[in-house]
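First comes the structure, then the notes that go with it.
Taken together, the values in this text are just the output of simple stated rules run on the coordinates, not laboratory data. This structure is a prediction, so every number in the text was calculated from the model and none was measured. Reconstructed Cβ throughout: ideal geometry from the backbone, glycine too, with neighbour counts over all protein chains shown.
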Amino acid sequence: MKTTPFHILFAILISTGLCYEREIMIAQFAKPGRGDEPGGFTCRDLEQGASKFWRKRQFYDCREMDQLDDMVLLKFKTNIDAWSREYRELDDDALLWLATRMVNDYEGNCRTVSEWVHHGSRGPTETIMLTGLYQKTFCNQLMGRQFNGYKVTSCDSNNIREEELQTIQVSTYRVQLSVPAERHIVLDLISQLNTGLSKCRYNAYAVRQQTQRSYALN
């Protein structure tokens, strides 16, 4: 790739700590294989699917981490300062919700979940933080749904944002499951919620053991 003045400036900003850089992990259902072609989902697929966000270096440095059965894990970096100004001061859950929409290029029926990378984190608890469309009846509807191998045992709205995000009133819900919230379970739940809806309405991630205390103090 040709080095441009922009790339040189970007490298300087990162090295001097002036770039607000974070890492995001996404879990994505793999594409089915066709004929002799293997299934899967790669960084190239991710970059081609939402190319405008990669061209302007909002997302970069994608790495393929693992593939487990029908689920693929990818990790990439984001520069929060490259996001639209109106989004830069949002809380972490809202940023992840937007990132999920962006990496899917604002298409519907999302089969992706996003979480921040926290080095040294341990296994998941039974709690997930779920961000999406605010509805008064959401928790009751969620607890009434049937899932394969797990149940939603409790649900509470944790943060209702006053200002709309992309014309949607967004809330974060604290959801308790009957089993530890492994990524494939979170991905299954969110994929079901997003089915038939436009532009990735929901995202979620597990509260991990070392971070649960911080939520309890809020």
field: Where labels lie 7 Å past Cα in the beta-carbon direction, separation of residue 61 and residue 178 in nm
entry: 4.2 nm
message: Give me the dipole magnitude in Debye, nearest 20, for the range 69-108 about the Cα centre, with unit charges on the beta carbon: positive for Lys and Arg, negative for Asp and Glu.
response: 220 debye
query: Taking the simple approach of a point 7 Å from Cα along Cα-to-Cβ for both residue 22 and residue 51, what is their distance in nm?
result: 2.7 nm
- line: Calc'd 3J(HN,Hα), the range 47-56, phi into Karplus 6.51 cos²θ - 1.76 cosθ + 1.60 (θ = phi - 60°), Hz, glycine/Pro = x, comes to 5, 6, x, 9, 4, 5, 6, 7, 5, 8
message: Counting just the Cα atoms, what span does the range 59-212 cover along each of its three principal axes? Round to the nearest Å and put the largest first.
response: 40, 36, 31
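Provide the net charge surrounding residue 151, with neighbours chosen by a C-beta distance below 12 Å and charges set as Lys +1, Arg +1, Asp -1, Glu -1.
Local charge sum for residue 151: 0.
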- request: Counting only C-alpha contacts under 8 Å and six or more residues apart, can you give the relative contact order of the range 28-127 as a whole percent?
  value: 25 percent
message: Please compute the modelled spin-label separation between residue 105 and residue 151, points set 7 Å along Cα→Cβ, answer in nm with one decimal.
response: 4.2 nm
query: Between residue 118 and residue 158, 0.36 nm times their residue separation minus their Cα-Cα distance comes to what?
result: 12.3 nm
